[in-house]
Amino acid sequence: MDTLKPENLPEHLAVIMDGNGRWAEKRMLQRIVGHQKGVETVRVIVEECSRLGIRYLTLFAFSAENWLRPKTEVKALMALLKKYIRAEIARMMQNDIRFNVIGNRADLPPDIDREIQAAMDRTANNRGMLLTLALSYGGRQEIVTAAKTLAEEVAAGRLSAEAIDEKMLSGSLYTAGIPDPDLLIRTSGEMRISNFLLWQLAYAELYFTEVNWPDFDRNELARAFRDYQSRERRFGMTSDQLRKESA
């Protein structure tokens, strides 16, 4: 088995954690059992990414559209989220991980939002990996919110429309100050990005696997990283230009 090249790991890894429900249904279990097993996978992957020196890890945990799921499932997911955040703060402190959340937090239950804020405050001075959960998140909604923010600045006379560029729009997104993902992993065989980081994924490498999230372990992560390291990232340039730049 090829070893990973530490110098060529993604700085920012984004993950769409898909297949918890299907994992449970295949085993004739309730869907929430799949989500509980998925939380265990989160713990494993967060620790492994931290160990490997990944600087930014962003996990799509709950989309804006997920509020449309059955109320009993949503309630169970929120309870699981609250339990996870409480249980993982000590582990984050031990591993020097800083906790972050992006999305429309106003839609979250107040007790969940308090737990989020407490975890963000507690880990704010950590200098290791930045772990970001996307909660009540939608990529289109994020871009609309950023556009509204800039439009308000223009309307107030504090900004000219001509001054708006890609850098300014990026700085108005939830992910301001975070580099764009280098690699997106999606589990469970689905091959779409599902309204996740639409702006930020413009030049990300995409990796899709049939493995459901509860079964995605360190070996599967290494397989994704080896695939990433086999690719040539040209960013619009030719291979010849890249070779000359690196010479």
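Read-outs: derived from the displayed coordinates by stated rules, not from any lab. Values in this document were obtained by computation on a predicted structure and should not be read as measured data. Don't worry about glycine lacking a Cβ; one is built from the backbone with ideal geometry, like all the others, and counts go over all protein chains shown.
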Backbone N under 18 Å from the ASN195 label point (7 Å along Cα→Cβ), restricted to the range 83-122: 102-109
For the range 80-144, the fraction of alpha-carbon pairs in successive 5 Å shells from zero, as %: 4, 18, 29, 22, 15, 9, 2, 0
Spread of Cα-to-Cα distances over 10 Å intervals beginning at zero, given as percent, for the range 91-247: 9, 26, 35, 23, 7, 1
The chain - mean residue ellipticity at 222 nm from DSSP helices (-39,500 (n - 2.57) per run, n ≥ 4, rounded to 500): -14000 deg cm²/dmol
Loop chymotrypsin sites (Phe, Trp or Tyr not before Pro), the range 195-233 (other Cβ atoms within 10 Å of the site Cβ: 12 or fewer; DSSP): TYR203
Neighbour-limited loop hits for trypsin sites (Lys or Arg not before Pro), the range 9-111 (at most 12 other Cβ within 10 Å; DSSP other than H, G, I, E, B): ARG27
Those aspartates and glutamates that a straight Cα-Cα span of less than 20 Å connects to LYS148, excepting residues fewer than 8 apart in one chain: ASP107, GLU162, ASP165, GLU166
The range 102-203 - percent relative contact order, Cα under 8 Å, separation 6 or more: 32
Net length gained if the chain between ARG27 and VAL44 were fully extended (0.36 nm per residue, minus Cα distance): 3.9 nm
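Please report the relative contact order for the chain, taking Cα pairs under 8 Å with a sequence separation of at least 6, and give it as a percent rounded to a whole number. Can you show the working numbers first?
Details: 354 pairs, mean separation 68.6, N = 247.
RCO, the chain: 28 percent.
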At least 27 Å along the helix axis (C-alpha) and Kyte average at least 0.5, DSSP helices within the chain: none
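Taking a cut-off of 14 Å, what percent of all Cα-Cα pairs in the range 1-88 are separated by more than that? Write out the running numbers ahead of the final one.
Numbers: 2719 of 3828 pairs.
Value for the range 1-88: 71 percent of Cα pairs lie more than 14 Å apart.
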Overall form of the range 50-179 per C-alpha gyration tensor (a/c, 1.5; a/b vs b/c): oblate
Mean Cα-pair separation over length for the range 1-114, i.e. relative contact order, pairs under 8 Å, 6 or more apart, %: 27
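Step through the table entries LYS26/LYS82; LYS37/LYS82; LYS37/LYS83, compare each Cα-Cα distance with 23 Å, and write down the pairs that go over it.
Details: LYS26/LYS82 27 Å; LYS37/LYS82 15 Å; LYS37/LYS83 13 Å.
Flagged as over cut-off: LYS26/LYS82.
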